[in-house]
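To keep things clear, I will list the structure first and then write my remarks on it.
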């Protein structure tokens, strides 16, 4: 009796793998309708996942951009410990040596803009306003020359202009103007306290109205010239922060090393240990909580989509495995190992997953294209929402090849793993039992 | 070549304990064309399954080519089935999405042989079972007899020590069944391949060189015969 020669292990393994792959592919067409339905479920999941990821990444990117462009900038120099207390608007943690620091930064070619942030009550009266009213707001003294080099506020002035140095003029948001019934040249009164805690009253005129894509800024901040603030608040040249614009592709990517070195060179002159250099990440770490909420929401969506795919694929594979139990019995009888049968079904399910993923990517890419170019208008939805959010009415998506690749590979892998559950049950049965099935 | 010694096997059918084999002993020599006959429930399929290493025994022993398979490791039994045993099933058990060629080639693919060798041996076998030019057809495009020929080719293509056929003609009309028997008999004579059938079909019994009758899990008779 002739015997069959055993080929080298690597080659035999490849031959078997090719055969299983061929068999798995042919089985895809065995249940065409079921394959199409399952692949469609996977496609739906992948498409929604890709679109959601695009939107959430867009949200995060937009949030970072709007923080950097209108609130934090790339980095900032503040009095030591100021940033942790900044929402109390303290005027006793200050950068005193403003001029010296700006000289150092200017010498190094770093764009810098000093600001004084303080709290005050803005009061308006009937005529020209429709009614009396007041509102507590954050007020910012800005260096009209330097600020546009760091922030993009000046680009958002759509009525009037920035107040000029020495002018008793303020810049308010369109959002606030609409609620107050304010127009250009309307007078306002601001009550606040000086650096030393004395009451102070500022009578100003509205010279400009701005509208940023950062609703938090629009709803809470008004601006006036730094020198005017310096005088009224008796700041003696001190500021609450000097904001820096550093070259960076995305917010938070800038290298602070050269700035640190420059400040270190004139340690005593710039204020020594009384100041600190804050990175974008340090200034925005509290927003991590909001990002975490996004992540949780994203993960919930991911779990739901995964559940859809799991149910769809496991159901398809369960039916396929049950219908082919006798066939599986035959394969085991003629010497196919359990691992090889598992591999065959995993390949089959992975192919369904890949088909679905491919369709899902096409559909997802179409959705992302729409989100990137047209966005979704959340304006009406967020109209009455009282929370910190830093994206405009229209939220745009972003392209992420990595997310799309992850979604496709993830779907195929998930499909392969899920397929093993029903196969496992069948492989626990005796071969003879499987062979008796009809 | 195959030695079955005092094999006992009991299994549960629903809530009923069935004593399928009650001390069966049997010697099968190389090149035999043996039919295990008996009514339903006599234990013939169980005996075939035990010899084919797809069922275990409660007691007793089975030696294949001097190798004890009772109590053997799962992996060892798979290797024996893969290399030394060919199966022909009553209902053919072909894979419907594969062509006749691919169904037969499966047995060799499991051995990991090179594609050229798989092709040569598969085509030769298909020709030998009378299916030249039908290698590209799927089972649905083949008659019952042709499907069983493919199954016979699949069992033989790896040149096994023994071919076990569980009622191979039960799903065929008598004319086709006889043609299959003639085919297997011819291969047995030309190649010296050992065939063991289970059957209750008189025609299959008539073809056997040796007829072993089972009744209630015991060998009732074991006689050498001439082929029909």
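The values are calculated or read from the model by the stated rules, or taken from the named source; none is laboratory data. Fair warning: this is a prediction, and the values are worked out from it, not measured in the lab. Positions of Cβ are generated from backbone atoms using ideal geometry, with glycine treated the same way; all protein chains shown enter the neighbour counts.
So here's what we get for this one:
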| quantity | calculated |
| --- | --- |
| Qualifying residue in the stretch A:287-300 (condition: outside any helix (DSSP H, G or I) and either surrounded by fewer than 21 Cβ atoms within 10 Å (Cβ to Cβ) or touching a residue at least 24 places away in the same chain (Cβ under 8 Å) (or both)) | no |
| Qualifying residue in the stretch B:89-107 (condition: surrounded by 19 or more Cβ atoms within 10 Å (Cβ to Cβ) and over 25 Å from residue A:25 (Cα atoms)) | yes |
| Helices (runs of 4 or more DSSP H) contained in the stretch A:170-272 and holding at least 3 residues without any contact (Cβ under 8 Å) to a residue 60 or more places away in the chain and more than 22 Å from residue A:145 (Cα to Cα) | A:174-180, A:257-265 |
| The stretch B:163-173: number of residues that are within 13 Å of residue B:188 (Cα to Cα) and surrounded by fewer than 24 Cβ atoms within 10 Å (Cβ to Cβ) | 1 |
| Test set (1) surrounded by fewer than 24 Cβ atoms within 10 Å (Cβ to Cβ); (2) not in a loop (DSSP other than H, G, I, E, B) - residue B:148 fails condition number | (1) |
| Matching option when the condition is away from chain A (no Cβ under 11 Å), outside any loop (DSSP other than H, G, I, E, B) and out of contact with any helix residue (DSSP H, G or I) (no Cβ under 7 Å at 6 or more places or on another chain), among B:140, B:155 | B:140 |
| Check on residue A:36, out of contact with any strand residue (DSSP E or B) (no Cβ under 7 Å at 6 or more places or on another chain), surrounded by fewer than 20 Cβ atoms within 10 Å (Cβ to Cβ) and either away from chain B (no Cβ under 11 Å) or modelled with pLDDT of 90 or more (or both) | yes |
| One residue from A:78, A:72 being closer than 30 Å to residue A:256 by Cβ, under 19 Å from the mean Cα position of the chain (by Cα) and either assigned by TED's automatic domain parsing to the domain that holds residue A:243 or touching a residue at least 40 places away in the same chain (Cβ under 8 Å) (or both) | A:72 |
| Hits in the stretch B:61-79 - residues which are within 14 Å of chain A (Cβ to nearest Cβ), touching a residue at least 24 places away in the same chain (Cβ under 8 Å) and in contact with a strand residue (DSSP E or B) (Cβ under 6 Å, 6 or more places away or on another chain) | B:64 |
| Residue in the stretch B:139-152 that is at pLDDT 90 or above, in contact with a strand residue (DSSP E or B) (Cβ under 7 Å, 6 or more places away or on another chain) and closer than 18 Å to residue B:52 by Cα present | yes |
| Residue in the stretch B:52-60 that is more than 8 Å from chain A (Cβ to nearest Cβ), in contact with a helix residue (DSSP H, G or I) (Cβ under 6 Å, 6 or more places away or on another chain) and over 27 Å from residue B:113 (Cα atoms) present | yes |
| Restricting the stretch B:92-120 to residues that are more than 8 Å from chain A (Cβ to nearest Cβ) and part of a loop (DSSP other than H, G, I, E, B), the residue that is farthest from residue B:159 (Cα to Cα) | B:99 |
| When residues of the stretch A:403-438 are limited to those that are within 14 Å of chain B (Cβ to nearest Cβ) and part of a helix (DSSP H, G or I), the one modelled with the lowest pLDDT | A:436 |
| Whichever residue in the stretch A:377-402 is outside any loop (DSSP other than H, G, I, E, B) and at pLDDT 85 or above and, among such residues, is surrounded by the most Cβ atoms within 10 Å (Cβ to Cβ) | A:402 |
| Residue identified as in the same structural domain as residue A:19 (by TED's automatic domain parsing), touching a helix residue (DSSP H, G or I) at 6+ places or on another chain (Cβ under 6 Å) and without any contact (Cβ under 8 Å) to a residue 12 or more places away in the chain among A:332, A:337 | A:337 |
| Every residue from the stretch B:24-34 that is away from every other protein chain (no Cβ under 13 Å) and exposed (fewer than 15 other Cβ atoms within 10 Å of the Cβ) | B:25, B:27 |
| Residue match in the stretch A:364-372 (condition: more than 14 Å from chain B (Cβ to nearest Cβ), over 17 Å from residue A:44 (Cβ atoms), surrounded by fewer than 21 Cβ atoms within 10 Å (Cβ to Cβ) and modelled with pLDDT under 90) | no |
| Yes/no for residue A:88 being assigned by TED's automatic domain parsing to the domain that holds residue A:397 and closer than 20 Å to residue A:221 by Cα | no |
